[in-house]
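Any read-out appearing in this document is the output of simple, stated calculations on the displayed coordinates, not a laboratory observation. No experiment lies behind these values; they were computed from the predicted model shown. Cβ placement follows ideal geometry from the backbone for every residue including glycine, while neighbour counts extend to all protein chains displayed.
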Amino acid sequence: MTVQELAEIGANVEVLTDRWGIPHIYAANEHDLFVAQGFIAARERLFQMDRWRRKGLGLTGEASCGPDVRRCTEAFVLGVNAFIDLDQLPYEFRELGYRPERWRAEDIVRIQTPGYDSNNWVIGPRRTRSGRPILAHEPHLDMTLPSPRFVTHLAAPGLNVIGAGEPSLPGISVGHNGSVAFAGLDLRAVQLMRAKDPLEFRDHVHAMPTGSDDLIVVANEQNTNRIREVLSGGSGWTVADSLALQVDELNPLARTVVPTLLAAVGKPTDPAERKALELLRAWDFVESADSSAAVVFHTWYRKHLDSRSRRPERTTFANAVAELVAAHGRRPEAWRWGDLHTLTFAHPLPELAGLPPIPRGGSGDTVSYSPFDESFRQVQGASFRIVIDVGAWNESMVVNAPGQSGRPDNKHYDDHLDAWLQGEAFPLSYSRAAVEKVAESRLLLRPVTNERPSLS
């Protein structure tokens, strides 16, 4: 066990970090709990947090919050500053030659991420195999290194909540408290982490079921239709089914427009054009990373059709195929969507190496949200995914790519990446017994004594 003394707390705080890098924080009171949350967040994400703070403080406008939020933020900031004062700063600060400034509670309110799109659904107990509700959530944010989300477990008398939020904010925005699962809380609603009645969340969250609701979906129109298409047709749904749906790569837009596009092509004589046409005709509209048809579709539809009319003229198809032949060879069956559509988790400092490019499936038209720029590079997505088994809390699943830590020398820097790419996740351990089984390290934060502080 590592021991660290902090002047900002009044009683011991225990932090168990599990094998996936999730800190489980156990405190005797909420003040110490939020101090510890700020300390741990800074330990793992200080450079990211400092960048957000420096950017956010350039915003104009007043920052206001209620007394409950104020207490949480003041304690959280004490923890952040306590870590800064230890002089154990991430290497980025040395590379840039500056020291982060100390935080104030007002900073926290100003640097919240504004509203964002997301996929959310709640499956009622009559449709699940277990007879318990299931909540699924994934925010659509920039694909940054580290992730825009940080998973944490906060436990103190009267509060036991687990899930994720922005690393620079106190509390949890998506997760559960052992009584209610929720998604979409902002800083102003932090007091709802303690709520035991689902009705208390109704004005603050994306999806709030009533006793008669079998299925609630909150997403953009296209994703809502696709999610309902999958889930409305049956029952017996499981957590694993929701995880699979979060990475669904079927493109409903392509399914709608491709038949019309094909009708305008006619019968090309060029061999590469004929083969590309065959690929589109046989396509199941699933945009897997190894799909050849997806290459043809997106190059044609996104780059060569008029963005206003989308008129499928014969020459547009020929031009799209010619572009692909020039770049990738004359064998359309060898073209792979993942060769064009890639994701790079880049370090925010260009001179420092990030992670290598990753072939990706999906697009901005799929539930597996993977929008791209003009070069087909993925720019946003859901690096964080969670599926909550309401009532069997230890069976909930989560993944946070590329990893929990923002420190490249930490094993949890990118250890979620493989699971995330495969559409997998790991248990979000909640009970103390479950946490103990997966605990990897222990940190004891204790109040400063008159004796010399000890670090081991």
Q. Using a Förster distance of 41 Å, how high is the FRET efficiency between A419 and T260, based on the Cβ-Cβ distance and rounded to 0.05?
A. 0.60
Q) trypsin sites (Lys or Arg not before Pro) within the stretch 106-163: which are DSSP loop residues with at most 15 other Cβ atoms inside 10 Å? A) R129
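At a temperature of 25 °C and a viscosity of 0.890 mPa s, determine how fast the stretch 252-340 diffuses translationally according to Stokes-Einstein, using the Kirkwood radius over alpha-carbon pairs as Rh; express D in µm²/s, rounded to the nearest whole number.
192
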Q: Report the paramagnetic label zone for K437: residues of the stretch 11-36 whose backbone N is under 14 Å from a point 7 Å from Cα along the Cα-to-Cβ axis.
A: 19
Q.
About the Cα centre, and with charges only on the beta carbon of Lys, Arg (+1) and Asp, Glu (-1), how big is the dipole of the stretch 252-340? Nearest 20 debye, please.
A. 260
Q) Going through the stretch 313-405, which GluC sites (Glu not before Pro) have at most 15 other Cβ atoms within 10 Å and a DSSP loop state? A) E313, E351, E374
Q) Applying 1/(1 + (r/R0)^6) with R0 = 25 Å to the Cβ-Cβ distance of R70 and A28, what FRET efficiency is obtained, to the nearest 0.05? A) 0.75
Q. Stretch R314-R102 to full length: gain in nm at 0.36 nm per residue minus the Cα-Cα span?
A. 70.1 nm
(Q) Using 5 Å bins from zero, what percent of all Cα-Cα pairs in the stretch 63-158 falls into each bin? (A) 2, 8, 11, 14, 18, 17, 12, 7, 5, 3, 2, 0
**Q.** Relative contact order for the stretch 252-340, counting Cα pairs under 8 Å that sit 6 or more residues apart, in percent
**A.** 38
Q) How are the C-alpha pair distances of the stretch 319-371 spread across 5 Å bins, as whole percents from the shortest bin up? A) 5, 17, 17, 16, 20, 14, 8, 3
Q. Under a no-solvent Debye model with one identical scatterer per Cα of the chain, what's log10 I(q)/I(0) at q = 0.10, 0.12 Å⁻¹?
A. -0.77, -1.03
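For A7 and E333, calculate 0.36 nm times their separation in residues minus their Cα-Cα distance, and state this gained length in nm to one decimal.
110.9 nm
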Q) How much length, in nm to one decimal, is gained on full extension between L253 and S375, taken as 0.36 nm per residue of separation minus their Cα-Cα distance? A) 41.9 nm
(Q) Quick check on the stretch 359-456: what does the Kirkwood estimate of hydrodynamic radius come out to from the alpha carbon pairs, in Å? (A) 16.6
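What's the local net charge at Q378, with K and R +1, D and E -1, over the other residues with C-beta under 11 Å away?
On the way: positive: R360, R377; negative: D142, D373.
Charge balance in the 11 Å sphere: 0.
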Q | Separation of the R302 and R126 label points, Cα + 7 Å toward Cβ, nm | A | 4.1
Q. Mean separation of Cα pairs under 8 Å and 6+ residues apart, divided by the residue count of the chain: what relative contact order is that in percent?
A. 23
